[in-house]
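**Q** Pasting a structure below so you can have a look.
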Amino acid sequence: TLKDTFSDYKKYFILPEPIKGAEPSWFGFHVTIKGTANFTRKEMTEWLESKKIGTRLLFGGNLLLQPAFQHIPHKVFGTLENSDAITANTFWLGVHQGVGEAQMEYVVSNIREFMRTHK
């Protein structure tokens, strides 16, 4: 699974964890690359996309960085460092019931290949 694969490299990633008692039905698997990693989100997503593995950026994070929100009155509490980290370092991999075992093995093998070249 994606979680098992990324967990093998947990020093580089922050992975989703459902809250206690929840059984979510994920429509995407989000991954946040830690600031201490020796690669960027752009490098990883471009590499995955070059292998025909679709990725998407997470809409969210620090919405105050979006031009549409620049002139909306708001209050900021704290530094928004977690929101900034999500904005800069998080991406999604789609998880759909139509993705078969062979396709998931392809995704996993390509994640592992990327990580071998970035250890």
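The values are calculated or read from the model by the stated rules, or taken from the named source; none is laboratory data. Quick caveat, the model's predicted, so the values are computed rather than measured. Every residue, glycine among them, receives a Cβ derived from its backbone with ideal geometry; neighbour counts consider all protein chains shown. Heads up: the accessible areas ignore ligands, DNA and RNA and are worked out on the full protein's heavy atoms, side chains in. Shrake-Rupley method; radii C 1.70, N 1.55, O 1.52, S 1.80 Å.
**Q** Restricting segment 51-69 to residues that are part of a loop (DSSP other than H, G, I, E, B) and touching a helix residue (DSSP H, G or I) at 6+ places or on another chain (Cβ under 7 Å), which is modelled with the lowest pLDDT?
**A** The extreme case among them is 60.
**Q** Quick one: residue 83 ticks every box in (1) of a type in the set (Ser, Thr, Tyr); (2) exposed (fewer than 15 other Cβ atoms within 10 Å of the Cβ); (3) within 15 Å of the chain's Cα centre (by Cα) except a single one, so which number is it?
**A** (2)
**Q** Could you list, in sequence order, the residues of segment 10-21 that are without any contact (Cβ under 8 Å) to a residue 40 or more places away in the chain and surrounded by 10 or more Cβ atoms within 10 Å (Cβ to Cβ)?
**A** The initial filter retains those residues of segment 10-21 that are without any contact (Cβ under 8 Å) to a residue 40 or more places away in the chain, namely 10-11, 13-21.
Answer for segment 10-21, where residues must be without any contact (Cβ under 8 Å) to a residue 40 or more places away in the chain and surrounded by 10 or more Cβ atoms within 10 Å (Cβ to Cβ): 10, 13, 14, 15, 16.
**Q** Another question, if that's okay. Do we find a residue being touching a residue at least 60 places away in the same chain (Cβ under 8 Å), under 21 Å from residue 9 (Cα atoms), not in a loop (DSSP other than H, G, I, E, B) and not β-branched (Val, Ile, Thr) anywhere in segment 93-100?
**A** Scanning segment 93-100 turns up at least one residue that is touching a residue at least 60 places away in the same chain (Cβ under 8 Å), under 21 Å from residue 9 (Cα atoms), not in a loop (DSSP other than H, G, I, E, B) and not β-branched (Val, Ile, Thr).
**Q** Sticking with this structure for a sec: Which of the residues that make up segment 31-50 are of a type in the set (Ser, Thr, Tyr) and either within 26 Å of residue 18 (Cβ to Cβ) or part of a loop (DSSP other than H, G, I, E, B) (or both)? If you could, list the steps in order and put the result at the bottom.
**A** Restricting attention to segment 31-50, the residues satisfying the condition of being of a type in the set (Ser, Thr, Tyr) are 32, 36, 40, 45, 50.
Those that are of a type in the set (Ser, Thr, Tyr) and either within 26 Å of residue 18 (Cβ to Cβ) or part of a loop (DSSP other than H, G, I, E, B) (or both): 32, 36, 40, 45.
**Q** Within segment 98-119, restricting attention to residues that are farther than 18 Å from residue 46 by Cα and among the aliphatic types (A, V, I, L, M), which residue is most open to solvent (accessible area, probe 1.4 Å)?
**A** Going through the qualifying residues, I end up with 102.
**Q** Then there is this: Could you please give the count of residues in segment 22-69 that are of a type in the set (Gly, Ala, Ser), under 28 Å from residue 98 (Cβ atoms) and either open to solvent by 70 Å² or more (accessible area, probe 1.4 Å) or free of Cβ contacts under 8 Å to residues at least 60 places away in the same chain (or both)?
**A** Residues in segment 22-69 being of a type in the set (Gly, Ala, Ser), under 28 Å from residue 98 (Cβ atoms) and either open to solvent by 70 Å² or more (accessible area, probe 1.4 Å) or free of Cβ contacts under 8 Å to residues at least 60 places away in the same chain (or both): 5 in total.
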